[in-house]
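Accompanying notes for the structure given below.
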Number of protein chains: 2
Amino acid sequence: MMRLHWSSRSPFVRKVMVAAHEVGLADRIERVPTVVALTKPDLALLPTNPLGKIPTLVLEDGTALYDSVVICEYLDQLAGPPRLFPAAGPARIEALRRHALGNGFMDFLLLWRTEMARPQPDRRILDGFAEKQAAVLAALEREAPRLDEGSFGIGQIGIGCALSYLDFRWPQAGWRLSHPALADWHAGFAARPSVQATEHVDA
Amino acid sequence: MMRLHWSSRSPFVRKVMVAAHEVGLADRIERVPTVVALTKPDLALLPTNPLGKIPTLVLEDGTALYDSVVICEYLDQLAGPPRLFPAAGPARIEALRRHALGNGFMDFLLLWRTEMARPQPDRRILDGFAEKQAAVLAALEREAPRLDEGSFGIGQIGIGCALSYLDFRWPQAGWRLSHPALADWHAGFAARPSVQATEHVDA
């Protein structure tokens, strides 16, 4: 068994578990519940992943892999002919750019929560996140009609998991009314068995 | 010409410029000075990159690429047979893991500076960064003797640029005495023409 430092609340972990389900490797991964946050570093994780982040995948030979997109690509290669990562060329760059958009969205959503939990949040930072969220959602609404072109893969997983995390942490965000094409696309994403098998839980 | 949203102070931008020099494409890139920070979002950049981050590469057809590692892979493919990104297989995963280590190091070094600039920094966050930095340097010291195995590429660029950024922002950090193998390796990295052509400047 591979061992995955895991949390039900992390969108980066979820991305890996969605990928694992998509390529049929979920039952080869033992989940090791692990809690990390900027304000709560897990010192026990540092010898395995010096960045102290999850997901971290420990292979049977002890090799530790990170970050989430590297783990996804590893699993995609391990399962057989890659399905989630296109071969070199324009389709690959497009998929990786989309993944980077979803992943960067996750990044600032987590920082946003950290900021809001401070005794004195920095208003400039909060306002910046709000502007970025509006820009990300607008960009995704424009891309939504083309998001299902080509095969399902890491680009859609990155974007879909970011939106699902937004729903998990800001259930009242109400982004669907103003982004109907994106809402449609996300409904299809959310119906995938890999996504349904990996719902966020605030344990 | 391609246009790169660029800053002399960003380690992520430097990674892209080192890659561009390594594959011989630096003179096809026009640098567009761009300042962004968590506390100073550049709203004018959001229509191009909704994450508001640099580097962002705008191709001649107007397509915008991000984040830094995606731009590096694009440039590597554009230049001809890829040199900086190994083909699928263990060497690729190893290179990407190393890149993720360097990139994650950059990520928290930037957050560390933001934290220190706050009126009331969160001591737990500062302590966490110090622990992570110690763990990253220890891990790199262990890896240093093997860092030059295989060909030079994105893994070494990620790690080397992170260390160079540490030198730029924390010139008194004094990490070399306690990490001699890593110091040796970084001296070789720093001597590369691509690295010398891209020195950080606090403009």
### Task
Output yes when any residue across the stretch A:121-128 is in a helix (DSSP H, G or I), touching a helix residue (DSSP H, G or I) at 6+ places or on another chain (Cβ under 8 Å), surrounded by fewer than 21 Cβ atoms within 10 Å (Cβ to Cβ) and not aromatic (Phe, Trp, Tyr), and no when none is.
yes
### Task
Name every residue in the stretch B:15-53 that is more than 10 Å from chain A (Cβ to nearest Cβ) and under 19 Å from B:THR114 (Cβ atoms), in order of residue number.
B:THR34, B:VAL35
## Note on the structure
The residue from A:PHE108, A:PHE12 that alone is within 24 Å of B:PRO55 (Cβ to Cβ), at the interface with chain B (Cβ under 10 Å from one of its Cβ atoms), modelled with pLDDT of 95 or more and buried (at least 16 other Cβ atoms within 10 Å of the Cβ) is A:PHE108
### Query
Say we look at the stretch A:74-105 and pick out the residues that are aromatic (Phe, Trp, Tyr) and farther than 14 Å from A:LEU140 by Cα; which of these is surrounded by the most Cβ atoms within 10 Å (Cβ to Cβ)?
A:TYR74
#### Entry: Filter result for A:LEU101 (over 23 Å from B:GLN77 (Cα atoms) and either part of a helix (DSSP H, G or I) or at the interface with chain B (Cβ under 9 Å from one of its Cβ atoms) (or both))
no
### Message
Here is a check on your reading of the model: is A:GLU199 in a loop (DSSP other than H, G, I, E, B) and among the charged types (D, E, K, R)?
### Response
yes
### Query
Pairs, please: C-beta under 8 Å, at least 6 apart or cross-chain, first residue loosely packed, with under 15 Cβ neighbours inside 10 Å and in the stretch A:180-191, second at pLDDT below 95?
A:GLY188/A:ASP148
## Note on the structure
Filtering the stretch A:10-69 down to residues that are part of a loop (DSSP other than H, G, I, E, B) and either assigned by TED's automatic domain parsing to the domain that holds A:PHE152 or under 18 Å from A:ALA162 (Cα atoms) (or both) yields A:SER10, A:LYS53, A:ILE54, A:PRO55, A:ASP67
## Note on the structure
Filtering the stretch A:140-163 for residues that are surrounded by 21 or more Cβ atoms within 10 Å (Cβ to Cβ) and part of a helix (DSSP H, G or I) leaves a count of 11
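The values are calculated or read from the model by the stated rules, or taken from the named source; none is laboratory data. All values derive from a computational prediction rather than experimental measurement. Don't worry about glycine lacking a Cβ; one is built from the backbone with ideal geometry, like all the others, and counts go over all protein chains shown.
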